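The next block holds one structure in the form of structure tokens; read it before the comments.
The values are calculated or read from the model by the stated rules, or taken from the named source; none is laboratory data. Quantities reported herein were computed from a predicted structural model and do not represent experimental measurements. Counting neighbours? That spans all protein chains shown, and the Cβs are built from the backbone with ideal geometry, glycine included.
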Amino acid sequence: MKSPVVSLAIAFSALAGLAASAPAWANAELAQKKNCMSCHTMQKKVVGPAFKDIAVKYAGQKDAADKLTQKVLKGGSGAWGAVFMPAMKDANPPVSEAEAKTLVQWVLQLK
């Protein structure tokens, strides 16, 4: 039988792990809600690049968050080939600037 101290430590560790991952799950849920997953996945290219590939490509670039937030809002093409990304500010459901910033921050930390 485990001591109460060991059981408490295990429970605390589990709760701490859940709390640490909560923002990542919340942003994955936002990506799903805003239909990002229709064209992107975490690990492999579908229509658009994988989120992890985006994180690697823009790692260390100081203006990456601002640049990608605008790409999400306004759309565009060329950074990953000729496939056009539509403006998500006009999508159904639309992505607000605050949501775009949240999604971009989440993607950039996926490296």
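When the stretch 56-70 is filtered for residues that are of a type in the set (G, A, S) and surrounded by 17 or more Cβ atoms within 10 Å (Cβ to Cβ), only A64 remains.
This table checks each residue for (1) more than 20 Å from A26 (Cβ to Cβ); (2) modelled with pLDDT of 95 or more; (3) of a type in the set (V, I, T).
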{"position": "P49", "(1), (2), (3)": "yes, yes, no"}
{"position": "K52", "(1), (2), (3)": "no, yes, no"}
{"position": "A55", "(1), (2), (3)": "no, yes, no"}
{"position": "Q61", "(1), (2), (3)": "yes, yes, no"}
{"position": "G75", "(1), (2), (3)": "yes, yes, no"}
{"position": "A79", "(1), (2), (3)": "yes, no, no"}
{"position": "V83", "(1), (2), (3)": "yes, no, yes"}
{"position": "E99", "(1), (2), (3)": "no, yes, no"}
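Considering L103, L73, the condition of being in contact with an Asp or Glu (Cβ under 8 Å, 6 or more places away or on another chain) and either free of Cβ contacts under 8 Å to residues at least 40 places away in the same chain or buried (at least 16 other Cβ atoms within 10 Å of the Cβ) (or both) is satisfied by L73 alone.
Taken over the stretch 74-86, the criterion of being assigned to a loop (DSSP other than H, G, I, E, B) and within 17 Å of the chain's Cα centre (by Cα) is satisfied by G75 alone.
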